[in-house]
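Here the structure is laid out as structure tokens; the discussion comes afterwards.
The values are calculated or read from the model by the stated rules, or taken from the named source; none is laboratory data. In this text the structure is predicted, and so the values were computed from the model without any measurement. With ideal geometry, Cβ positions are generated from the backbone for all residues, glycine too; neighbour counts draw on all protein chains shown. Remember, those area values only see protein heavy atoms, side chains included, never the ligands or the DNA or RNA. Shrake-Rupley method; radii C 1.70, N 1.55, O 1.52, S 1.80 Å.
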Amino acid sequence: MSEYCTQTRNTYAPDVLVCGLGPAGVAAATAAARNGCDVLAVEKCGYAGGNITNANVIGVCGATNMQTGYLVTGGITAEMLQRSAYLRDPVDMDKLTPLSELDIYHTQLYIPVSDEQQLVHPNAVTMIYDAEDYKVGADRLLLEAGVKFLYHTFVCDVQAAGGHIDRVIIANKDGVSEVKPKMVIDCTGDADVAAWAGAPFEIKKEFMQAGTMMFVVGGVEYDDYVALKKRILDTFAKAHADGVKCRFAGPGVGRLRHGVINFNMTRVPYNQTDAADWTRAEHEARNDIQDAMYILKTFMPEFKNSYLLYSGPQIGCRESRRLLGEYVLTIQDLYDRKRFADCIGIGANPIDFHNPTKYGGAEACEVKKIYVYQIPYRTLLPKKVDNLLVAGRCHSADQMAASSTRVALTASVMGEAAGTAAALALRGNTEPVHVNIDELVSTLSAAGAILDY
């Protein structure tokens, strides 16, 4: 392999570098800055939000205990909910109430439904993000905390020696620059920094959860949304049984406003750590949306005059690399609701595994409710790299456990813990693995985090 060297344009030397500004990165950067660190955050897109904003994954999942319907995520995660999310009315389906107008800690935000109703219930996902509100809310949150951040900026290399990251190479319109941080938090979703720094990880290239390109359809004509949703499910089930071309699962259907329907249904197996495979997934997903639109407009009169408003700016990823950290959270831990002395947050999303080998209705999505469980700090700690934390869907969990922990709310909870831990490590002149757990827990609690149930 030939070696290419170039002069770096800029040099940055923050206390903490946060790589990626999805929900995990937004919370990590904010928490580290609030705890006194000089923070630089970099993000490949021109806005924060991860899958919420760059893949249109706007359903709020994992925020509430699905037995009681009450919030189990606090701190920065709850702040962003109040800045950017809305509650669907269980009766008037055209009504959306901003969470900023509610006492979210004492309001039942989810109406429990049975497993059988989960796909067909018109408001099974009771809260949705407004992607534009999330972009603005994240900008303001970061600026208020004093975070320095660069959009349109890729992490493209890591230089580590002796298990310590010395430099992270970034690229943007300035050219190639270097960052020399004291601490790094990997919120890339794909564990790019951890992998390139030499931390152990797992990736199941032949059997990763399928990705989805979300899309929104306008001009839908109907009187009864509940009946419409059932007809959509029945129509795709019949098309699948009849062999009509369309790779899909579910579909998951949500009403944004009258006549505007959001679809979570395309299913494309791919590896997001492979540039060529990611590219293939993008164009295949767009073709699959065209196939779905053909079925809707051909077989459903309600969609006769409908039109594709937009698809997600990119395909949404559910799984790629997963860290093999100081502790690997297992599916059995979730089933057992195992307690951890180093708990840094609560997860509440169902087990939601999108099988890459199955298409059609609900059988393509293996969903099982897990009401609440604890996430240990050790799942954020890589092995073999001493100044790195990882937060988000690439944290240390087995494949089935990660099918729950991968969602935006849970990623954000992990991000706040990682940012707080990075600050405590720097304050104590120690490594993240040696952070005092009692101090971490008390600091998170004082900031509003919910750590027990």
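Using the structure shown, decide if Tyr105 is aromatic (Phe, Trp, Tyr) and surrounded by 19 or more Cβ atoms within 10 Å (Cβ to Cβ). So Tyr105 does not fit the description; no.
The single residue among Asp174, Asp192, Asp166 that is more than 30 Å from Ala292 (Cα to Cα) and within 24 Å of the chain's Cα centre (by Cα) turns out to be Asp192.
Restricted to the range 325-338, and to residues there that are touching a strand residue (DSSP E or B) at 6+ places or on another chain (Cβ under 6 Å) and in a loop (DSSP other than H, G, I, E, B), the residue that is least open to solvent (accessible area, probe 1.4 Å) is Tyr327.
Hand me the list of strands (runs of 3 or more DSSP E) wholly inside the range 358-453 holding 2 or more residues that are open to solvent by less than 10 Å² (accessible area, probe 1.4 Å) and more than 14 Å from Leu329 (Cβ to Cβ).
On the way: elements: 365-368, 373-376, 388-390.
Of the strands (runs of 3 or more DSSP E) lying wholly inside the range 358-453, those with at least 2 residues that are open to solvent by less than 10 Å² (accessible area, probe 1.4 Å) and more than 14 Å from Leu329 (Cβ to Cβ) span 388-390.
Residue-by-condition table, conditions (1) surrounded by fewer than 21 Cβ atoms within 10 Å (Cβ to Cβ); (2) more than 23 Å from Ala160 (Cβ to Cβ); (3) not acidic (Asp, Glu):
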| site | (1), (2), (3) |
| --- | --- |
| Val193 | no, no, yes |
| Thr212 | no, yes, yes |
| Val216 | yes, yes, yes |
| Gly219 | yes, yes, yes |
| Val226 | yes, yes, yes |
| Arg231 | yes, yes, yes |
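Screening the range 110-168 for strands (runs of 3 or more DSSP E) wholly inside it with 2 or more residues that are open to solvent by 60 Å² or more (accessible area, probe 1.4 Å) returns the ranges 154-161.
Looking across the range 77-102, the residues that are under 19 Å from Ile346 (Cα atoms) and open to solvent by 40 Å² or more (accessible area, probe 1.4 Å) come down to Glu79, Gln82.
The number of residues in the range 239-254 being surrounded by fewer than 20 Cβ atoms within 10 Å (Cβ to Cβ) and not small (Gly, Ala, Ser) comes to 4. Report yes if some residue within the range 362-375 is small (Gly, Ala, Ser) and at pLDDT below 95; otherwise report no. Yes, the range 362-375 has at least one match. Being modelled with pLDDT of 95 or more, within 26 Å of Asp89 (Cβ to Cβ) and β-branched (Val, Ile, Thr): is that true of Val220 here? So Val220 passes the test.
From the list Gly50, Gly36, the lone residue that is within 11 Å of the chain's Cα centre (by Cα) and either surrounded by 24 or more Cβ atoms within 10 Å (Cβ to Cβ) or in contact (Cβ under 8 Å) with a residue 60 or more places away in the chain (or both) is Gly50.
Selection over the range 255-302 of residues that are open to solvent by 10 Å² or more (accessible area, probe 1.4 Å), under 22 Å from the mean Cα position of the chain (by Cα) and small (Gly, Ala, Ser) gives a count of 1.
Is it the case that Ser445 is small (Gly, Ala, Ser) and under 22 Å from Gly146 (Cβ atoms)?
Values: small (Gly, Ala, Ser): yes; under 22 Å from Gly146 (Cβ atoms): no.
In short, no.
Per-residue answers, yes or no, for (1) in a loop (DSSP other than H, G, I, E, B); (2) within 26 Å of Thr212 (Cβ to Cβ):
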{"position": "Pro14", "(1), (2)": "yes, no"}
{"position": "Leu17", "(1), (2)": "no, no"}
{"position": "Val26", "(1), (2)": "no, yes"}
{"position": "Gly49", "(1), (2)": "yes, yes"}
{"position": "Thr73", "(1), (2)": "yes, yes"}
{"position": "Met80", "(1), (2)": "no, yes"}
{"position": "Met93", "(1), (2)": "yes, yes"}
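Based on this model, can you work out whether Tyr12 counts as in contact with an Asp or Glu (Cβ under 8 Å, 6 or more places away or on another chain) and open to solvent by 10 Å² or more (accessible area, probe 1.4 Å)?
For Tyr12, the condition - in contact with an Asp or Glu (Cβ under 8 Å, 6 or more places away or on another chain) and open to solvent by 10 Å² or more (accessible area, probe 1.4 Å) - is met.
Among what's in the range 303-321 and is closer than 24 Å to His240 by Cα and among the basic types (Lys, Arg), pick the residue that is most open to solvent (accessible area, probe 1.4 Å). For the range 303-321, the residue satisfying everything is Lys304.
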